Amino acid sequence: MSYLLALDQGTSSSRSIVFGTDGRVVAMAQREFRQIYPRPGWVEHDAEEIWQTQLATAREALATAGLQARDIRAVGITNQRETTVVWDRRSGRPIANAIVWQDRRGEASCARLRERGLEASVQDKTGLRIDAYFSATKIEWLLQNVPGARAQAEAGELAFGTIDSWLIWRLTGGRSHLTDVSNASRTMLFDIRSQRWDEALLAELAIPASMMPGVRPSIDDFGTVEPQWLGAPLTIGGVAGDQQAALFGQACWHAGMAKNTYGTGCFMLMHTGERFERSANGLITTAAAQPAGPAQYALEGSVFIGGAVVQWLRDGLRAIPSSREVQALAESVPDTDGVMLVPAFTGLGAPYWQPDARGAIVGLSRGSTLAHIARAALESIAFQSAALLQAMDRDALAGGGVPVRELRVDGGACVNDLLTQFQADLLGIPVVRPAVTETTALGAAYLAGLHSGVYAGRDELSKQWRAERVFEPAMSRDQAAQKMAQWERAVRQTTAT
C-alpha cells in the first residue's frame, strides 16, 4: 500500500499526518510553538521554530506509523495563509520574525492605499479588500523597518514567502522558491485572473519583483525533499493554503458547495467554479486549489478569532485548564443568560471589516458566571460564521444562484457538539461533519496523490468522502433571527465611537 504525507503548518501548531490512499489517518504528530505579541495588535512567529517543529512532526509521524520515507509516494503541504516570511537568500535566515496573518501593523499603509482610491482596482485584480490581514503591507513594513532590508531587497538578496514557500525552500535546500496559486492569491499582490504577480501593485508598495516566488498550480512538482530530512528524496506534489486545501479535502469542487473550517480563525468558502465573482456583501474572492488549466475561484469570509477564543479562555481568563474542557463548562448552564461575547481581539473580519473594533462582553448581570462566558465564547464562533453564510447567500441570490443547502465543517472545534448544533440552529440548514475531520491535511494529501498518480481523478476521491454526523436545525427561524439580531447589536457596541 502507498502512503501520503501531509505537512499541515497552522497558526498555533505544526502537524504532520500520514494518510493511507483510502483517506484514513495512519499516524499524526503535532507540536505547538510560541505566539509572540510584541505590542497590542502585533502577532509574530519565529520562522525557524516553525521549520524545526514541522520537520520534527514529519519524522515523528513516520516513526509512529512504522514507515520509512521510501513508503511515501508524495508530500503535500498546507499552511496558515498570509503569514509573511522574508529571508536572506544566501544564508537562508529570516531577517525578522514572521508577521502573522492576525497582525494589524500594516493598517496605516492600508489606509493610505484607500485614500489613494485604490480599493476598487485592488479588488478587481486580486479579489481582496485592502486590509492588513494580507501579506502585501507586511512585506512593506519589513522592508521599511528592518535595518538594511530595503538595500538587500533591491540588490536581489532577499526572498519573500508565505509559510508554504518557506517550508519548500528549507525542504529542498534552497533549490525551490515557489508557491501555489491559492497562497499567492492571499498576498494582495497577485492578479487572480491573469495568474501573475501584478507589477503595478508591487511598485505601489515598493516591493522588488525579485523577492517573489514562482507560482504553480496547486497540483504540480514543487521540488524534491532532500534525503537528509526524512531519509529519502520525496516529491512535493501538492500545495495549497489551509482553507483552499480544506475545501478540496471536503470534496467541494463544484459551484455552490461550501465548507467552514473552525480553527484559530473560522474560514467559510463557497466554490464558484470558473466564475470570478465580486462580493457586494463584505466577502472576498480567492483562488481555489486547482490543477493546471482554467482558473477556479471561491467566495470566502474570514473570521479572525474562532477557536482562538477558547485559547483565550484557557490562557487569558484561566477559566479552564485545557481547551477540551470548554464544552463541559459551557453545558453546565442551559444558555448564556443574555451574555454575548464578541472576540474582536484583532479587529473584525468579514463581513464587517472593522479593523479598530476590540473585544467586548455585553449583557453581564450579577448572576453571570464563567460558565455563561464560556458558553457565549463558543456561541460567538457560530454567530460569526452565520453572518458569513448570510452574506454568501445574498451574493448567490444576487448573481442568480441559490443559497447554500448544507454546510460541510471541519477543523478542531467542529468536534464540539454544542457548537456544531448551535451552528445548525442559527443557519437553518444541515451542518455535516465528515468522518475524517482532518480535511485540511487530507486536501493536501489528495493534491499530492493526484500529482503522483495515486488517484486517477477527483471522481475517485468523491467516493471516499463520507459524513460522520449530520446536525439538523432544531431552533425555530424566529428564535434564530432574534439571536442573530442580538449578536448584531453586540457587534455594533464594539465598533461604536
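Annotations for the structure displayed:
- Of the residues 144, 166, 126, the one whose Cα sits farthest toward the positive end of the charge dipole of the chain, with +1 on the Cβ of Lys and Arg and -1 on the Cβ of Asp and Glu, is 144.
- Heavy-atom accessible surface of the chain, averaged per residue, reaches 36 Å², computed with a 1.4 Å probe.
- Heavy-atom surface analysis with a 1.4 Å probe gives the chain a carbon and sulfur content of 47 percent of its accessible area.
- Separation between Cα centres of segment 57-99 and segment 103-161, rounded to whole Å: 25
- Ratio of Rg to Rh for segment 1-124: 1.11 [Cα atoms; Kirkwood radius as inverse mean 1/r over pairs].
- Heavy-atom accessible area, probed at 1.4 angstrom with all protein chains present, ranks 352, 37, 262 as 37, 352, 262, highest first.
- For the pair segment 419-497 and segment 211-290, the centres of their Cα atoms are 17 angstrom apart.
- 271, 451, 254, 177, ranked by accessible area, largest first (probe 1.4 Å): 254, 451, 177, 271
- Rounded, prolate or oblate (a/c below 1.5 giving rounded, otherwise prolate when a/b exceeds b/c) for segment 192-316 by Cα gyration tensor: rounded
- Positive-pole candidate from 445, 471, 487, dipole of segment 418-497, charges at beta carbon: 487
- Rg and Dmax [Cα atoms of segment 361-497; Å; Rg one decimal, Dmax integer]: 18.4, 62
- Total formal charge among the other residues, if their Cβ is under 14 angstrom from that of residue 320, Lys/Arg +1 and Asp/Glu -1: +1
- Prolate/oblate/rounded label for segment 391-462 (Cα gyration tensor, a/c 1.5): oblate
- Largest accessible area first, the listed residues 353, 312 line up as 312, 353 when surface is computed with a 1.4 Å probe on the assembled protein chains.
- The chain - charge dipole about Cα centre, Lys and Arg +1 at Cβ, Asp and Glu -1, debye rounded to 20: 240
- Across the chain, the mean sequence separation of Cα contacts (distance under 8 Å, 6 or more residues apart), normalised by length, yields a relative contact order of 15 percent.
- Under Karplus coefficients 6.51, -1.76 and 1.60, residue-wise ³J(HN,Hα) of segment 226-237 in Hz, glycine/proline x: 5, x, 4, 7, 10, x, 6, x, 10, 7, 8, x
- Computed per residue of the chain from DSSP H runs no shorter than four, each worth -39500 (n - 2.57), the mean residue ellipticity at 222 nm is -10500 deg cm²/dmol.
- Here's the list of lysines a cross-link from residue 259 could span, going by alpha-carbon distance under 18 Å and ignoring same-chain residues fewer than 8 apart: 463.
- Summing charges over all other residues whose Cβ lies under 12 Å from the Cβ of residue 415, with Lys and Arg as +1 and Asp and Glu as -1, gives -1.
The values are calculated or read from the model by the stated rules, or taken from the named source; none is laboratory data. Please read these numbers as outputs of a predicted model, since none were measured by experiment. With ideal geometry, Cβ positions are generated from the backbone for all residues, glycine too; neighbour counts draw on all protein chains shown. Accessible surface is based on the protein model in full, side chains and every heavy atom, while ligands, DNA and RNA are left aside. Shrake-Rupley method; radii C 1.70, N 1.55, O 1.52, S 1.80 Å.
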